[in-house]
Amino acid sequence: GGRRIIKKWTKNGHLVSSGRDLKVKIWKPDFSLLKELPTSKKMMTQVAFSHDGKRVFAASWSGHISVWDVATAKQIGTLASNPPTIAARIKWIQYEITTLPGQVAASEKVVQAAAVNQVAAKAALTKVETDHRNADAKYKQLVAERTKLDGQLKVLYAEGDALGKQREQKQTELTKARDMLNRHNAALASERKEHQQVENEVKKMTEHEKSLVANEDKVRIAAEANPEDVQLKEIATKAKADLDAHRHQLGLKRNLSQQKSTALAQLTNQQKGPGNQLAAANKAWTGINGKWAAYLAKRKPLQDKRNGMNKPIVDTQNLVKSIDPKVKAAREGFTKAEAAHKKAATDLDQIKKQKGYRVSGLKHWQAAAINTEAIHLAKEAADFTAKQNGNMDAFTALAAEIQQLKDPTKLAEKSRELRKLRQAIDQSAPAVLSKSRNALDKKSAYLEALAR
């Protein structure tokens, strides 16, 4: 009822143990726990390390032997506690050799299918990579074209700024010339109006002069006809004074009219200057507008083209982004297909090598069968030889005893026993020789089998 613990050590000081708690534990040299294997359902009867200390073997009382990796504490296999006989091994290997062609054919089909899948995956990867490369190249081309257009438009915008400044300047000059001409025309109109007004006044005064002359003639004649009439004489003097005063005012008005006429003529003559300036400014304005129109006509298609590239660029960029996961998936698919093909080829190669392994194993176990038989024969030969040697020893001892006998009765009995021993020795001698020869023959056959 005590606690039962089994344990084994490695060369580097590690320890593996198991007990009634159904646990296999691996310990460091300082006896701190390194690994603990999953709890077993059966009690362990033996535990051990492999020669390199990398594996642990655990045997339960039911005969189950499990193999564990020390580094990961994971089970990596099992071992048979009751290995098959040599004859069973030979029969199984011979059966496996007969099944290898079918396994090779099936594996070759797997390799062919994997090769087809790899080619298809490569083609799919090539296509999606080509699509991605073309889309990316198209995107970069469009961006480069837009950048080029931006550069051209930048130059045009600078040209347009300079042209716009010139246009503003010409418009200012045109406005100034038009204002100058308008002011001159206003002055000319004002002068013409004043001249016309003076002319009208001269005309009225000239008409009035006629009535004053007629009145003065009439009164003067009447006064001359009546010299004694002082009142009439005074009327005639006043009529003469009124006529002289009017003529003086008329002369002044006519002088003013002449001045207005001269000023009007001067203004009319000066009108050519502002008019010419306006015509020149208008011509310059028309010219700059022509250049501006040509500039707009040159800029618009570039702007339209540049703005029209925004959508294709965004669409192409989105296309590139949409292809990215397809490229990743295609690469993963090709990697898997390539790995599958490589594994299938490796499996096929391993299956093909199995024939050599199997043939080699078959030779090994056939040689082992021969060696086992040779061992049995050698044991039988040794047993026969030992028995023969025993009979010979008994024969020698019995012969020596007979030489000492004096009693005829005992001498006859012992002589009969001696004859039986002699007969047994003679009968077993060929069997001993045959067994020995057969053992030697089997040993030679074993050595030849090993050499093949």
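Let me spell it out: the conditions are (1) surrounded by 15 or more Cβ atoms within 10 Å (Cβ to Cβ); (2) within 23 Å of I351 (Cβ to Cβ); (3) of a type outside the set (V, I, T), and A106 meets all of them except one. Which number is the exception?
Status for A106: all satisfied but (1).
Quick one: is K8 surrounded by 15 or more Cβ atoms within 10 Å (Cβ to Cβ), free of Cβ contacts under 8 Å to residues at least 60 places away in the same chain and either outside any strand (DSSP E or B) or under 49 Å from the mean Cα position of the chain (by Cα) (or both)?
Against the criterion (surrounded by 15 or more Cβ atoms within 10 Å (Cβ to Cβ), free of Cβ contacts under 8 Å to residues at least 60 places away in the same chain and either outside any strand (DSSP E or B) or under 49 Å from the mean Cα position of the chain (by Cα) (or both)), K8 does not qualify.
Going residue by residue through region 254-265, is there one that turns out to be open to solvent by 70 Å² or more (accessible area, probe 1.4 Å), touching a residue at least 24 places away in the same chain (Cβ under 8 Å) and of a type outside the set (V, I, T)?
Yes: region 254-265 contains one or more residues that are open to solvent by 70 Å² or more (accessible area, probe 1.4 Å), touching a residue at least 24 places away in the same chain (Cβ under 8 Å) and of a type outside the set (V, I, T).
Across region 22-37, what is the number of residues that are touching a residue at least 12 places away in the same chain (Cβ under 8 Å) and assigned to a loop (DSSP other than H, G, I, E, B)?
6
Name the residues in region 314-349 that are within 16 Å of Q112 (Cβ to Cβ), touching a helix residue (DSSP H, G or I) at 6+ places or on another chain (Cβ under 7 Å) and open to solvent by 30 Å² or more (accessible area, probe 1.4 Å), would you?
Within region 314-349, E338, A340, H341, A345, D347 meet the criteria.
So, in region 50-62, how many residues would count as being open to solvent by 30 Å² or more (accessible area, probe 1.4 Å) and either under 54 Å from the mean Cα position of the chain (by Cα) or not polar (S, T, N, Q) (or both)?
6
Out of S434, S428, report the one residue that is closer than 19 Å to A381 by Cα, open to solvent by 40 Å² or more (accessible area, probe 1.4 Å) and polar (S, T, N, Q).
The unique qualifying residue is S434.
Can you tell me which residues in region 20-64 are closer than 18 Å to K74 by Cα, at pLDDT 85 or above and among the polar types (S, T, N, Q)?
S50
Identify all residues within region 395-422 that are under 24 Å from S436 (Cα atoms) and open to solvent by less than 40 Å² (accessible area, probe 1.4 Å); write none if there are none.
L421
Going by what's in this entry, would G390 be described as closer than 30 Å to S107 by Cβ and either open to solvent by less than 80 Å² (accessible area, probe 1.4 Å) or modelled with pLDDT under 80 (or both)?
Judged against the criteria, G390 is not a match.
Picking from E159, E173, which residue would you name as being more than 21 Å from the chain's Cα centre (by Cα), more than 30 Å from D304 (Cβ to Cβ) and of a type in the set (D, E, K, R)?
After applying the criteria, what remains is E173.
Could you please give the count of residues in region 256-285 that are among the hydrophobic types (A, V, I, L, M, F, W, C) and within 16 Å of N185 (Cβ to Cβ)?
Of the residues in that region, 7 qualify.
Would you confirm whether or not region 299-316 contains a residue that is assigned to a helix (DSSP H, G or I) and within 30 Å of K122 (Cβ to Cβ)?
yes
Here are the criteria: (1) polar (S, T, N, Q); (2) open to solvent by 40 Å² or more (accessible area, probe 1.4 Å); (3) touching a Lys or Arg at 6+ places or on another chain (Cβ under 6 Å). Tell me which single one Q366 does not satisfy.
(3)
So which pairs qualify, if the first residue must be in region 356-378 and farther than 30 Å from A431 by Cα, the second must be open to solvent by 50 Å² or more (accessible area, probe 1.4 Å), the Cβ gap must be under 8 Å, and the two must be at least 6 apart or on different chains?
G361/R89; L362/Q94; K363/R452
If we only count strands (runs of 3 or more DSSP E) wholly inside region 52-126, which ones have 1 or more residues that are small (G, A, S) and in contact (Cβ under 8 Å) with a residue 40 or more places away in the chain?
Correct list: 55-60.
The values are calculated or read from the model by the stated rules, or taken from the named source; none is laboratory data. Treat the numbers as computed from the prediction; the structure is a model and nothing was measured. Here Cβ is always computed from backbone atoms with ideal geometry, including for glycine, and neighbour counts include all displayed protein chains. Each accessible area value is taken on the protein alone, full model and side chains, heavy atoms only, with ligands, DNA and RNA left out. Shrake-Rupley method; radii C 1.70, N 1.55, O 1.52, S 1.80 Å.
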